[in-house]
Structures are given as C-alpha cells and as structure tokens.
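The block underneath contains the structure these notes are about, expressed in structure tokens.
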Amino acid sequence: MKIELEVDKQVAGDLNITYKHPEYGSHSLKLNNEVLYADEEFFYLNPKYRTFEGHEYYMGVKFKRGLVVGEEYKLEGNDHGPIWAHLEFDWVSGDKNASGTFRLTRGGDRPKGVFNLSEEGVFEVKGDFEF
C-alpha cells in the first residue's frame, strides 16, 4: 500500500535522492524548495513515481515526530516501527515495506536527515532531506 498523504500542513523543503538499480544504473533527483508534508503525528517524503530512462521508480517515507536526533533507525521490512518506507519499480509492488536505515540530523518542526533504503533484489534509494 502506498503511503497516502492525509496531511494538514505543507512545508517547503529539499529532497535529494539517488535511485540505484542493478541493471539500469543510478539516477539522481534534486527537489529544492518543494512541497513536503506533515501532520500532527508524522512527516512525509513522497516524490511519487519518477521516470528515468523509461523505468518508473516510486519512493514514499513516513516517519513519526519526535525521533531521537543522531540515532540510526533500522527498517527491517516491516511496518511496526516509527518509520515506514515503500519502494516500487515499474509499478510492481513488492512486499510494500523497504529495509534500510534512517537518521535525523536535526529534529523539531523542521527536521533534517539522511536515509538509505532498499527493496530486496529490486533497487536502492539513498538521500537526504530538510524540511
């Protein structure tokens, strides 16, 4: 299930992503001063589907407010922690829950951080963001 944007606040921010596929290489996406989303409980990183060389890449991340700054959170491919990530390639939905790491470098209402996500056997996404 894709991360639905049921949000009440739009925030201008930056999102820098590198999508890496084992067969189709690396592709960068830089979104500066773009709309990012938040609500009372979560922040959302969702550049939706992006096309590179004829292939569709999807990333959606949702993380709870109040995460500990500097702590590296591990995503184990489940949706029971404070961070959820979903990756898709060419509209094929895998297990719907990506694995990887996520770390805030600044907290509060304008968080900043880095992430490294993967969908096993499909592709990886590395990036940083700033609300």
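The values are calculated or read from the model by the stated rules, or taken from the named source; none is laboratory data. Bear in mind the structure is a predicted one, so any value in this text is a computation, not a measurement. Every residue, glycine among them, receives a Cβ derived from its backbone with ideal geometry; neighbour counts consider all protein chains shown.
What to note about this one:
- Number of residues in region 58-69 that are surrounded by fewer than 16 Cβ atoms within 10 Å (Cβ to Cβ), assigned to a strand (DSSP E or B) and either in contact (Cβ under 8 Å) with a residue 24 or more places away in the chain or among the small types (Gly, Ala, Ser) (or both): the value is 0.
- Glu130 at pLDDT 95 or above and among the charged types (D, E, K, R): yes
- Residue match in region 45-57 (condition: modelled with pLDDT under 95, assigned to a loop (DSSP other than H, G, I, E, B) and small (Gly, Ala, Ser)): no
- Once region 62-90 is narrowed to residues that are under 21 Å from Gly121 (Cα atoms) and small (Gly, Ala, Ser), the residue that is modelled with the highest pLDDT is Ala85.
- Any hit, region 118-128, residues being part of a strand (DSSP E or B), touching a strand residue (DSSP E or B) at 6+ places or on another chain (Cβ under 9 Å) and without any contact (Cβ under 8 Å) to a residue 60 or more places away in the chain: yes
- When the residues of region 10-19 are filtered to those that are more than 17 Å from Phe102 (Cα to Cα) and surrounded by 13 or more Cβ atoms within 10 Å (Cβ to Cβ), the one that is modelled with the lowest pLDDT is Val11.
- Taking region 25-52 as the range and being surrounded by 15 or more Cβ atoms within 10 Å (Cβ to Cβ) and in contact with a Gly (Cβ under 9 Å, 6 or more places away or on another chain) as the test, the residues that pass are Leu29, Leu31, Leu36, Tyr44, Leu45, Asn46, Pro47, Phe52.
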